[in-house]
Ligand SMILES: O=C(O)CCC(=O)C(=O)O
Ligand SMILES: [Mn+2]
């Protein structure tokens, strides 16, 4: 939890309004990050989901699962994810993220990028169920990958390398004005796991 290393990256939203990304590149120490990667890969009940594109069933290029109150679910890209209760190890991570960011989080979408062929395409986490101007806190462990942001109107791009053990917080308004993605990379065999913590109303 290295406050010295906390960085704030301003993000223009439009019409003179700014938000930011707060970034802790070395949030977890090496051994905590190693342990989290190993636990996440081995203990997460990974789902292989498919999306329907023009009548074709296409596997999404990563494994995933959704954690939170097990009586709730989350739907994006027409995939409905029934929530799995936070296991103890992930609950600890959730609490630590809340403490560091000083924001509440009660859900997590967890992604497993098995190697450089796995990716997430341009999107915003702007489902109505996430509420107005949702904050997203993202913890990365494993292979360093490039997190890209692109403004919806100006198309300005920002790249942030997300190292093993990093924490990133996307501020209010970022989902409405920017999209983000993690592109495929050539010649990468190492896995990466990313936890995106979100906060949803209890009736979701
Ligand atoms: O893997 C990442 O860093 C981003 C994941 C993401 O954008 C998402 O799960 O919505
Ligand atoms: Mn996202």
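Quick note: the coordinates plus some simple rules give every number you see, no bench work behind them. Keep in mind that what you see is a predicted model, and the values were worked out from it rather than measured. Cβ coordinates were reconstructed from backbone atoms using ideal geometry, including for glycine residues, and neighbour counts include every protein chain displayed.
Under the criterion of Cα pairs below 8 Å and six or more residues apart, the relative contact order for the range 3-198 equals 27 percent. Per-residue ellipticity at 222 nm computed for the chain from its helices equals -4500 deg cm²/dmol, with DSSP H segments shorter than 4 residues left out and the rest contributing -39,500 (n - 2.57).
With bins 10 Å wide beginning at 0, the percent of Cα pairs of the range 91-204 falling in each bin runs 13, 45, 35, 7, 0. Peptides 87-94, 5-12 ranked from most to least packed give 87-94, 5-12, packing being the mean of other C-beta atoms within 10 angstrom over each peptide's residues. Shape class for the range 40-159: rounded, because the ratio a/c of the largest to smallest gyration tensor axis (alpha-carbon atoms, square roots of eigenvalues) is under 1.5.
The mean of 1/r over all distinct Cα pairs in the chain, once inverted, gives the Kirkwood hydrodynamic radius of 17.3 Å. The protection proxy used here, the mean number of other Cβ atoms lying within 10 Å of each residue, ranks peptides 164-172, 56-64 as follows, highest first: 164-172, 56-64.
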